[in-house]
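Novice: Structure in structure tokens, see below.
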Amino acid sequence: MLALTRRPAFALVDCEVEYAPRQEIDLHLAFRQHEAYCRALRQLGVEVEILPPEEAFPDSVFIEDNAVILDELAVVSSMGIPSRRGEPELLLPVLDRHRRLVTIAPPATIEGGDVLRMGKTLYVGVSTRTNREGVVALRAIVEPLGYQVTPVGIRACLHLKTACTSLDDETVLVNPAWIDSDALGAFRLLHVPAEEPFGANVLRLPGGVLAQTSSPLTRDVIESQGFATTCVDLGEFTKADAGLTCLSLLIG
């Protein structure tokens, strides 16, 4: 497995914030947290490619949103807000080395953080960043390849994967306050403690589950089900409405 990551830019202080109260980001701490995140990826069996920062795009460190990676191709995102619409183009030369590329264009919008793959089903959050036209466009691309696309309603959070992520092929970690979890009824659902609403955003990797130090109760829930867990501190990125999955684009 390869993880594409991008170093945070100094412009991160001007990132978009929708749900978290705007707070000052300590850039040097953010840089150190990003380095620790990349080290943790390597320790959990992932090859890491670190791309240079892009000062023109404050949110470009959140590289997951730029594409949806499948075995057969990469779907290049149509970003949901104007300030991010140049980001996917920066990735095209890198993605082209690994996958055939198909692009979604406006007025359809879709961001990678809204797409949870479970086997041959893609669950797509309909959010402030991904619209119904984006769901339709994605379906037209992937259904001929044997995938099913299921829209999911979310509320009070930025992306679908803020509210749920997979622990294995049968288990999904969920914050039920932020998602219509009925759409995930085919899976075993583990609820995060109400005190840790952001705990549902974890990263499933070859060597175990990567979680945040800010969610110790969620870690207990995960480990009680037999999943080995490693934790990192991403507090500065949480200030930007971001989580663990946002900071890498995984290519299996």
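Read-outs: derived from the displayed coordinates by stated rules, not from any lab. Predicted model only: the values in this text are computed from it and were never measured. Here Cβ is always computed from backbone atoms with ideal geometry, including for glycine, and neighbour counts include all displayed protein chains.
Novice: Calculated FRET efficiency, GLU35 and ASP14, Cβ-Cβ r, R0 30 Å, to nearest 0.05?
Specialist: Working: r = 22 Å, r/R0 = 0.72.
Working from the Cβ atoms, E equals 0.90.
Novice: What fraction of the DSSP beta bridges in segment 2-251 is antiparallel, stated in percent and rounded to the nearest 5? Walk me through the intermediate numbers first.
Specialist: Details: 18 of 41 bridges.
The antiparallel fraction comes to roughly 45 percent.
Novice: Can you check what the net charge comes to around ASP71, using other residues whose Cβ is under 13 Å from the Cβ of ASP71 (Lys, Arg +1; Asp, Glu -1)? Kindly include the intermediate steps, with their values, before the conclusion.
Specialist: Working: positive: ARG99, ARG100, ARG117, LYS120; negative: GLU72.
Taking every other residue near ASP71 into account, the sum is +3.
Novice: Answer rounded, prolate or oblate for segment 17-75, using the Cα gyration tensor with square roots of eigenvalues a ≥ b ≥ c: rounded when a/c is under 1.5, else prolate when a/b is larger than b/c, else oblate.
Specialist: Working: a/c = 2.01, a/b = 1.28, b/c = 1.57.
Oblate, because a/c is 1.5 or more while a/b does not exceed b/c.
Novice: Something else: Through the Karplus equation 6.51 cos²θ - 1.76 cosθ + 1.60, θ set to phi - 60°, convert the phi angles of segment 170-182 into ³J(HN,Hα) values in whole Hz; use x for Gly and Pro.
Specialist: Result, ordered by residue: 10, 10, 10, 8, 9, 9, x, 6, 10, 8, 7, 6, 4 Hz.
Novice: Quick check: net charge around GLN148, other residues with Cβ under 12 Å of its Cβ, Lys/Arg +1 and Asp/Glu -1? Provide the component values of the computation, followed by the final result.
Specialist: Details: positive: ARG117, LYS120, ARG139; negative: GLU143.
Its environment carries a net charge of +2.
Novice: Of all trypsin sites (Lys or Arg not before Pro) in segment 1-86, which ones are in loop regions per DSSP and have a Cβ with at most 13 other Cβ atoms within 10 Å? Display every interim value, and only then the final one.
Specialist: Values: sites: ARG6, ARG22, ARG32, ARG39, ARG42, ARG84, ARG85; in loops: ARG22, ARG85.
For trypsin sites (Lys or Arg not before Pro) across segment 1-86 that sit outside H, G, I, E and B with at most 13 neighbouring Cβ atoms in 10 Å, the list reads ARG22.
Novice: With only Lys, Arg, Asp and Glu charged, each at its Cβ (+1 for the first two, -1 for the last two), find how big the charge dipole of segment 134-248 is about the Cα centre; round to the nearest 20 debye. Show your work: numbers first, answer last.
Specialist: Details: 7 positive and 13 negative charges, 47 e Å.
That gives segment 134-248 a dipole magnitude of about 220 debye.
Novice: Could I ask something else about it? Taking a ≥ b ≥ c as the square roots of the eigenvalues of the Cα gyration tensor of segment 34-113, is the shape rounded (a/c under 1.5), prolate (a/b larger than b/c) or oblate?
Specialist: Values: a/c = 2.06, a/b = 1.34, b/c = 1.54.
Verdict is oblate for segment 34-113.
Novice: Which FRET efficiency, nearest 0.05, do HIS28 and ALA228 yield, Cβ-Cβ r, R0 45 Å? Before the final figure, lay out the partial values.
Specialist: On the way: r = 31 Å, r/R0 = 0.69.
According to the calculation, E is roughly 0.90.
Novice: Shifting gears a bit: Let me check I've understood the local charge: for ILE25, count other residues with C-beta under 10 angstrom from its C-beta, Lys and Arg +1, Asp and Glu -1. What total comes out? Present the calculation step by step, with values, prior to reporting the outcome.
Specialist: On the way: positive: ARG22, LYS239; negative: ASP14, GLU24, ASP26, GLU236.
Net charge in that neighbourhood comes out at -2.
Novice: Once you have a ≥ b ≥ c as the square roots of the Cα gyration tensor eigenvalues for the chain, tell me rounded if a/c is under 1.5, and otherwise prolate or oblate according to whether a/b is larger than b/c. Intermediate values should be presented prior to the final figure.
Specialist: Numbers: a/c = 1.30, a/b = 1.03, b/c = 1.25.
Because its axes are fairly even, with a/c under 1.5, the chain counts as rounded.
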